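What follows is one structure encoded as structure tokens, with my remarks underneath.
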Amino acid sequence: MPTCRRKRVVLTEPSTALLHAARSDPTREVFYLKETGEIFETYEAYAARMSFYRLKQFQCEVTGKSGLDYFQAVDSEKQEARTMHHRFSEPLKPAVLKAVQWQVMGRLDHLVEAVYERFKDRYFKGERVVVDLSGTKYYAVVERVYPPKYSSDMGARDAHKESSSSSTSTLEDDVPHIIGGDLKIPTKDALAQDSPNLYFYWVHILELEKDKSHEKKQATPKNADKDGKVGSLMEVQCGMMSRDRLSFSKSILRRFIRDCVDREAAVASPWTVKPAIAKRYGLESIMPEETRKGVESIKKGEIDKRKKVWEDKEGPPTKKQKKMTPAQEERAEKREREAREKLEKQKHAKEEAERLAAEKKKKKPVRYPTEDLDVRLAEKDKKAGMKVQRPLASRDVPFNDTPGTFEAFLLGWNFLVVYGQPLHLSSFTLDEFEHAIRHSAADPPCALLAEVHSTLIYNLRTVPFQRHSALVSLMRVHDELVKQQDDSEDIFLGIPFEELTAAMADVGNNWERVPLRHTEGREGWEDALVGCLKDHATVTNFPRLREVLTRLLFAPEPSAESPSSSSSRVSTPISSSLVQRSIPAERYYALPPQDKIAILSFMCNMAISSKSIHAHMESCEEQLTALRKEKIDVNRMKKQYIEEMSALKEESKEDPAAVKNGIDQDVVMADLSDLSDASEGGSETPWTSNGKKNSARQKELRLKAATTAHAKQREAARAKQASIKQALSDHRRLDEEVNKLERRLEGIEREFRKLLGSVRVKPLGRDRFYNRIWWFDGMGSASLVGSGGVAQYGTGRLFIQGPSEFDMDLLEQRKNEDIDGRRREEEGESGVLGSSEWAVYSDLEELDEFVAWLNTKGHREVALKTALTRWWTHITAGIRRRIADLNVNARLPEARRSARTKSGYDITREPYMTWTNRRAVASS
């Protein structure tokens, strides 16, 4: 049974009212917890119990492993129990359980020790043992057990060697180890009456024991299996036998006993085998009268012993004391007074120690980073210029009018860009995708929409589908509506159900075989789209199915549309009725943006299960592994180069002392040269003596030695200078190599982001209130840097999403704090985001203020700021590039006045209309 805080978990019993209801109202609905068999009357009680079971605070009672929930602990105990019961010797189980039944021992360890000592040299019929024969060990099975009465009669043992009905029955009457296995009999008496050394065993030799890796020195002799022992029947004693440690040891014995026995919490309660196990092994479940009396006697003695200790310690004297003399009374009072004073001193010392510990705990500094919500700005932080309120993020995100539409729009764009390579689709920006969705003119058509839908249609041809799934789903809904409305006609947007089904039958029947060629502008993709929806969509996976199909197949009255419908940018009002049949090629551009986004979102969700997408994801995983290895190698090489550069830098440093000595030597040489000239000029005078000639000779010799030394020093200086130059050259070369490796590391980081974005998209981080920060650029087929190092972007913005429902629960758990008030204070009244709300930072100043608002003393915000710093160059470059593109596009209408058309301006020059798919397959 799993434990929680060292206490066994007790299952909840049904209430009395629930038990009464089971008899009076058997059909009453209740909440049933299948894993534990518990029954609850209300959902709140069921949810509370399930939440308790899901907490990571339970411990496996068998292995001691903690940090598990209840169900993991139960599974761990079951797995360990299965392993233990499989390993433990089956013939030994009944004897051990019979020995521990009704035993009174305080600790399980003492019981295990006693059982181990009794049974370590006692074996039973059918046990698998290891027999040591002259140093060679064999696996064997015990065939017969001969009790001590056969120990001195070899002939009687040999008579039973041949299996016969009479001999077998005789041996079965002699149950072995009855006295030795009885723990009630003292060990000394058990050994004297039933010694294990007097037992003889006939064992059947099976095979040689396999060599173990840690016993290489005890290798089996080559001729060990040629002595005729394998397969034979031998007589052995306990000294030659042993059990495998995996099947019998104190550890596994302890686990076996703990799993099979139980004990009440009362003092001196006996260990009892669980009823189901006792029944299986034929043990008595009802305590015999004699045993019960013995147990009660032990329990009474233990209780009396504890009672006596308690009364001697604090209770009043139980016997009448003799009258004390005045001196004795004075000494007794003095002892009591000293004892009281001692207790008072101890009490004061304890209180003082607790007070000091509390003060020390209060003064203990907080280690940062810590939980973000525990960090509050101090006055000195505010004076230092730290932002108190987060800069207000714009709620102006595309299609934010209806809940969930922007998320679906963002999901579709991210899918198409990330998986552009397997979809054969060039990347495009979020702004271009938004304008393409808003495009409502059938002439000229939007190439971006045609390419996106065509590539998804090609992909969905490889996904298994059910013919006419949309029609079957709509018919089921229609039948239910007819039953509820008393056979009234089902009409939606003015179109009856029968007319819609008739129109569906004429469109998109061969969508999986229609060639949507890129060179022909993907002509016919609208009809193929309807056919794809007919075979893939149902009301369950596409709730707007009927509305979308009705708008694609039917049109309103001609007067309801403007005369210039071919170039109109106004879609059909949602509330208008449709009266006449049309074709999807004319009606798709009149769909509301919500319907277009719903179609793309559905197709992306279906395409994710295609083989090409899965193959691409597996390829990305392999490339990620290769990039990780390459990054390790590059970092190792960079570290090696830096160490070599440090060594070269030390070598290239000039020795100031050597330079100084060289200058002094030049001065000495100059002086010696002057002396030499003077001595040569003076030697021609007639009054020069022999002593002066000797002195000049010595000076000349000294000058020659100095010249030789100076030449050697100059040569050494030249060699030193050459060495320094070589070291500097090598240092420059290594510096260039390090720069190359750093550029490669930057490239690896960008490639890693692209590949990881194809597998899973994760936010940059979360702020203190669990708002998620998203940056979608540079993932999948998109790139952060174009040719020539030009910055590229996908969104060019930083998005903020409100906390998830799970994070909101975490915020609500801080009941002692006014989290809502703090959010209004630090995020602004209009800056608080719900779980499905989005906001965006699209300006560099706002982004700088947001980064300044982050507090690095919190876990989440320090990680978020680290991620933003890591990609800051690319984030800001993308924002600048997007702002520049928006400014250019804003000036285009003024520059196009010469190219004005009847509709007002040349729409074909819009950026989203000039996009081309460079990855389109020519064969398509």
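Figures for the structure shown
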{"quantity": "Single unsatisfied condition, residue 821 versus (1) among the small types (Gly, Ala, Ser); (2) part of a helix (DSSP H, G or I); (3) in contact (Cβ under 8 Å) with a residue 24 or more places away in the chain; (4) over 26 Å from residue 413 (Cα atoms)", "calculated": "(3)"}
{"quantity": "Qualifying positions in segment 56-84 - assigned to a helix (DSSP H, G or I) and among the small types (Gly, Ala, Ser)", "calculated": "73, 76, 81"}
{"quantity": "Failed criterion for residue 118 (all others in (1) surrounded by 15 or more Cβ atoms within 10 Å (Cβ to Cβ); (2) among the basic types (Lys, Arg); (3) modelled with pLDDT under 85 hold)", "calculated": "(3)"}
{"quantity": "Subset tally (residues that are among the aromatic types (Phe, Trp, Tyr), closer than 30 Å to residue 420 by Cα and not in a helix (DSSP H, G or I)) for segment 451-500", "calculated": "1"}
{"quantity": "Sole exception among (1) out of contact with any helix residue (DSSP H, G or I) (no Cβ under 8 Å at 6 or more places or on another chain); (2) buried (at least 20 other Cβ atoms within 10 Å of the Cβ) for residue 529, by number", "calculated": "(1)"}
{"quantity": "Scan of segment 145-160 for residues that are out of contact with any helix residue (DSSP H, G or I) (no Cβ under 6 Å at 6 or more places or on another chain) and either among the hydrophobic types (A, V, I, L, M, F, W, C) or modelled with pLDDT of 90 or more (or both), ordered by number", "calculated": "145, 154, 159"}
{"quantity": "Subset of segment 121-136 (residues that are surrounded by fewer than 20 Cβ atoms within 10 Å (Cβ to Cβ) and not hydrophobic (A, V, I, L, M, F, W, C))", "calculated": "121, 122, 125, 126, 128, 132, 134, 135, 136"}
{"quantity": "Failed item in (1) out of contact with any strand residue (DSSP E or B) (no Cβ under 8 Å at 6 or more places or on another chain); (2) more than 18 Å from residue 409 (Cα to Cα); (3) small (Gly, Ala, Ser), with residue 780 passing the rest", "calculated": "(2)"}
{"quantity": "Some residue of segment 803-811 being hydroxyl-bearing (Ser, Thr, Tyr), at negative phi and in contact with a Lys or Arg (Cβ under 9 Å, 6 or more places away or on another chain)", "calculated": "yes"}
{"quantity": "Residue in segment 747-761 that is in contact (Cβ under 8 Å) with a residue 40 or more places away in the chain, closer than 28 Å to residue 402 by Cβ and buried (at least 20 other Cβ atoms within 10 Å of the Cβ) present", "calculated": "yes"}
{"quantity": "Count - residues of segment 409-441 that are assigned to a helix (DSSP H, G or I) and not β-branched (Val, Ile, Thr)", "calculated": "20"}
{"quantity": "Count of residues meeting criterion [part of a helix (DSSP H, G or I) and of a type in the set (Asp, Glu)] in segment 85-112", "calculated": "1"}
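Yes/no per residue for (1) in a helix (DSSP H, G or I); (2) surrounded by fewer than 17 Cβ atoms within 10 Å (Cβ to Cβ); (3) modelled with pLDDT of 90 or more; (4) of a type in the set (A, V, I, L, M):
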| position | (1), (2), (3), (4) |
| --- | --- |
| 552 | yes, no, yes, yes |
| 574 | no, yes, no, yes |
| 577 | no, yes, no, no |
| 595 | yes, no, yes, no |
| 618 | yes, yes, yes, no |
| 639 | yes, yes, yes, no |
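Conditions tested, residue by residue: (1) assigned to a strand (DSSP E or B); (2) closer than 17 Å to residue 884 by Cα.
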{"position": "773", "(1), (2)": "yes, no"}
{"position": "783", "(1), (2)": "no, no"}
{"position": "796", "(1), (2)": "no, yes"}
{"position": "800", "(1), (2)": "yes, no"}
{"position": "806", "(1), (2)": "no, no"}
{"position": "810", "(1), (2)": "no, no"}
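The values are calculated or read from the model by the stated rules, or taken from the named source; none is laboratory data. Note that the coordinates shown come from a computational prediction; the quantities given were computed from them, not determined experimentally. No Cβ is skipped: glycine too gets one built from the backbone with ideal geometry, and neighbour counts run over all protein chains shown.
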